[in-house]
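Student: First, the structure itself, so that you have it in front of you.
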Amino acid sequence: MFYDALDSRPHEEREAELMRRLPELVAHAKANAPFYRELFAAVDSGAVTSRAALAALPLTRKSELVERQRAVRPFGGLNATPMARLARIFMSPGPIYDPEGREADFWRTARALHAAGFRAGDVALNCFSYHFSPAASMFETGLHHIGCAVIPAGTGQTEMQARAIHDLEPAGYVGTPSFLKIILEKADELGLECKSLRRAVVSGEALMPAVREFLVQRGLAAFQSYGTADLGVIAYETEAREGLVVSEELIVEIVRPGTSDPVGEGEVGEIVVTTFNRDYPLVRFATGGLSAVLAGTSPCGRTNVRIKGWMGRADQATKVRGLFVHPHQVAEVLRRHGLSRGRLVVANEAGEDRMTLRVEREGPGDADLAARLETTLRDVSKLRGDVRFEPPGSLPNDGKVIEDARAY
């Protein structure tokens, strides 16, 4: 049932092991990656032994990688292994260059594939892109690690894809869910049999209920996997169908957008990942994606933390009257007044943009505090806005710090 004993070990045991290894990871990053040598210059690696200590370290944002890599080719100084000793180098839109080391199952996809039912001896159709993108390599290396044979199909050419399934009878598929549906519909059109397919790991886009049902009706079980080109698989779906289980070898935090502060269990925020990757030791890497931690343990028996999956983008920068307002600016306004939860709503009234900062606060309205908040909002954003106080817990739990409510 499980990939290995790590899947079901007590949560406390996993947490203790991750915290034990954390100081060495920080020390390794400082010693071998120029970016972290500078970023963590004042950090005592040996003292980073808890989540609280980790949360005190600065974030590294994915949104900043393009600029960093332009300044320091090719990986912005975040790599700990020189380019010539890597296995592959990929290019994602931006461009952002992503390194792949020589370690087996470098992207940690094997565990997710195993949870979806892939086993040694299976043949799998890999329909992720093989052109510059790391996605195809991520899943191919994991399939090979399990012992599967891989058909490197890539994207496009739906008639050839359908023919390959009919002739080679793969048991599994990896790729986007929408493309799988397109292939099966093309096979139907051509009268080609595709009953060999029984399982799929899908990623790169949401698995919509209608697509999942289409696959179920054909006897095909699809499992979602969430990851990034920088980190590989972050979390994956199991037969329990209750959230996504976080991959081993990762520490996942959920932080309030625009800040580096972890939020409470169940609250939506930005996904921040620390990976024990010797070649690319990303520490507190802010992915830009939103999610929330699910309470409790998965019914499938896997004991690692679960997240709800991808729930939108954390970068909610919005242009108001010609100027951009950013989540970190909203967070700064709240911080200066000792407040934690707020939401900047941008509306358009009679053709004019208006901002309202909705702030959760105990007790009745405070005109003096509202005036001071409005002044701070103007100082930080260079834009005028109103303040409205809300009861605690009344703002939506969707991770939004800035809401664009304008009708276009």
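Student: Show me the strands (runs of 3 or more DSSP E) found entirely inside segment 208-274 where at least 2 residues are in the same structural domain as Ala110 (by TED's automatic domain parsing).
Tutor: It comes to 221-228, 232-236.
Student: Collect the residues in segment 134-148 that are in contact with a strand residue (DSSP E or B) (Cβ under 6 Å, 6 or more places away or on another chain) and either closer than 23 Å to Lys186 by Cβ or among the acidic types (Asp, Glu) (or both), keeping them in residue-number order.
Tutor: Within segment 134-148, Ala136, Phe139, Glu140 meet the criteria.
Student: Name the residue, out of Asp261, Asp230, that is in contact with a strand residue (DSSP E or B) (Cβ under 9 Å, 6 or more places away or on another chain), in contact (Cβ under 8 Å) with a residue 12 or more places away in the chain and either surrounded by fewer than 19 Cβ atoms within 10 Å (Cβ to Cβ) or farther than 30 Å from Leu22 by Cα (or both).
Tutor: Of the residues listed, the single one that is in contact with a strand residue (DSSP E or B) (Cβ under 9 Å, 6 or more places away or on another chain), in contact (Cβ under 8 Å) with a residue 12 or more places away in the chain and either surrounded by fewer than 19 Cβ atoms within 10 Å (Cβ to Cβ) or farther than 30 Å from Leu22 by Cα (or both) is Asp261.
Student: Just give me the residues in segment 264-278 being surrounded by fewer than 20 Cβ atoms within 10 Å (Cβ to Cβ) and touching a strand residue (DSSP E or B) at 6+ places or on another chain (Cβ under 9 Å), in sequence order.
Tutor: Quick first cut of segment 264-278, residues surrounded by fewer than 20 Cβ atoms within 10 Å (Cβ to Cβ) only: 264-267, 276, 278.
If the condition is that a residue be surrounded by fewer than 20 Cβ atoms within 10 Å (Cβ to Cβ) and touching a strand residue (DSSP E or B) at 6+ places or on another chain (Cβ under 9 Å), then Gly264, Glu265, Gly266, Glu267, Phe276 are the ones that fit.
Student: Let me ask something else about it. If you scan segment 65-76, which residues turn out to be surrounded by fewer than 18 Cβ atoms within 10 Å (Cβ to Cβ), within 22 Å of the chain's Cα centre (by Cα) and within 22 Å of Ala31 (Cα to Cα)?
Tutor: Answer for segment 65-76, where residues must be surrounded by fewer than 18 Cβ atoms within 10 Å (Cβ to Cβ), within 22 Å of the chain's Cα centre (by Cα) and within 22 Å of Ala31 (Cα to Cα): just Arg68.
Student: From the list Ser133, Ser196, which residue is out of contact with any Ser or Thr (no Cβ under 9 Å at 6 or more places or on another chain), in a loop (DSSP other than H, G, I, E, B) and hydroxyl-bearing (Ser, Thr, Tyr)? I'd like the intermediate steps shown before the answer.
Tutor: Numbers: Ser133 fails: out of contact with any Ser or Thr (no Cβ under 9 Å at 6 or more places or on another chain).
Answer to the selection: Ser196.
Student: Quick one: which of Ala286, Ala371, Ala367, Ala347 is under 28 Å from Ala56 (Cβ atoms) and of a type in the set (Gly, Ala, Ser)?
Tutor: Working: Ala371 fails: under 28 Å from Ala56 (Cβ atoms); Ala367 fails: under 28 Å from Ala56 (Cβ atoms); Ala347 fails: under 28 Å from Ala56 (Cβ atoms).
Checking each option against the conditions leaves just Ala286.
Student: Before we move on, is Thr176 surrounded by fewer than 23 Cβ atoms within 10 Å (Cβ to Cβ), more than 21 Å from Gln224 (Cα to Cα), β-branched (Val, Ile, Thr) and free of Cβ contacts under 8 Å to residues at least 60 places away in the same chain? Spell out the reasoning first.
Tutor: Numbers: surrounded by fewer than 23 Cβ atoms within 10 Å (Cβ to Cβ): yes; more than 21 Å from Gln224 (Cα to Cα): no; β-branched (Val, Ile, Thr): yes; free of Cβ contacts under 8 Å to residues at least 60 places away in the same chain: yes.
Spelling it out, it is not the case that Thr176 is surrounded by fewer than 23 Cβ atoms within 10 Å (Cβ to Cβ), more than 21 Å from Gln224 (Cα to Cα), β-branched (Val, Ile, Thr) and free of Cβ contacts under 8 Å to residues at least 60 places away in the same chain.
Student: Within segment 104-130, which residues are without any contact (Cβ under 8 Å) to a residue 40 or more places away in the chain, touching a Ser or Thr at 6+ places or on another chain (Cβ under 8 Å) and not polar (S, T, N, Q)?
Tutor: Tyr130
Student: I've got another one for you. Determine if segment 152-170 includes at least one residue that is farther than 17 Å from Tyr236 by Cα, among the hydroxyl-bearing types (Ser, Thr, Tyr) and part of a loop (DSSP other than H, G, I, E, B).
Tutor: Within segment 152-170, one or more residues are farther than 17 Å from Tyr236 by Cα, among the hydroxyl-bearing types (Ser, Thr, Tyr) and part of a loop (DSSP other than H, G, I, E, B).
Student: Here's a follow-up. Scan segment 367-408 for residues that are within 17 Å of Glu267 (Cβ to Cβ), surrounded by fewer than 18 Cβ atoms within 10 Å (Cβ to Cβ) and among the hydrophobic types (A, V, I, L, M, F, W, C) and report the count.
Tutor: Residues that pass the stated criteria total 1.
Student: Considering only segment 177-191, I want to know if a residue exists there that is over 19 Å from Phe128 (Cβ atoms) and either hydrophobic (A, V, I, L, M, F, W, C) or modelled with pLDDT under 95 (or both).
Tutor: The answer is yes; a qualifying residue exists.
Student: With (1) of a type outside the set (Gly, Ala, Ser); (2) over 14 Å from Ala135 (Cα atoms); (3) not in a helix (DSSP H, G or I) as the list, and Arg108 as the residue in question, which single condition is left unmet?
Tutor: Checking Arg108 against (1) of a type outside the set (Gly, Ala, Ser); (2) over 14 Å from Ala135 (Cα atoms); (3) not in a helix (DSSP H, G or I), the one that fails is (2).
Student: Can you say whether Leu344 is within 33 Å of the chain's Cα centre (by Cα), surrounded by 19 or more Cβ atoms within 10 Å (Cβ to Cβ), at pLDDT 95 or above and in a strand (DSSP E or B), as far as the supplied structure shows?
Tutor: When the stated conditions are applied, Leu344 passes them.
Student: Which one is surrounded by the fewest Cβ atoms within 10 Å (Cβ to Cβ), of the residues in segment 296-307 that are in a loop (DSSP other than H, G, I, E, B) and modelled with pLDDT of 95 or more?
Tutor: Among residues in segment 296-307 that are in a loop (DSSP other than H, G, I, E, B) and modelled with pLDDT of 95 or more, the one surrounded by the fewest Cβ atoms within 10 Å (Cβ to Cβ) is Pro299.
Student: Moving on to the next point. For segment 309-339, give me each residue that is free of Cβ contacts under 8 Å to residues at least 40 places away in the same chain and small (Gly, Ala, Ser).
Tutor: Listed by number, the residues that qualify are Gly322, Gly338.
The values are calculated or read from the model by the stated rules, or taken from the named source; none is laboratory data. Since the model is a prediction, treat every value here as computed from it, not as a measurement. FYI the Cβ positions are ideal-geometry reconstructions off the backbone, even for glycines, and counts take in every protein chain you see.
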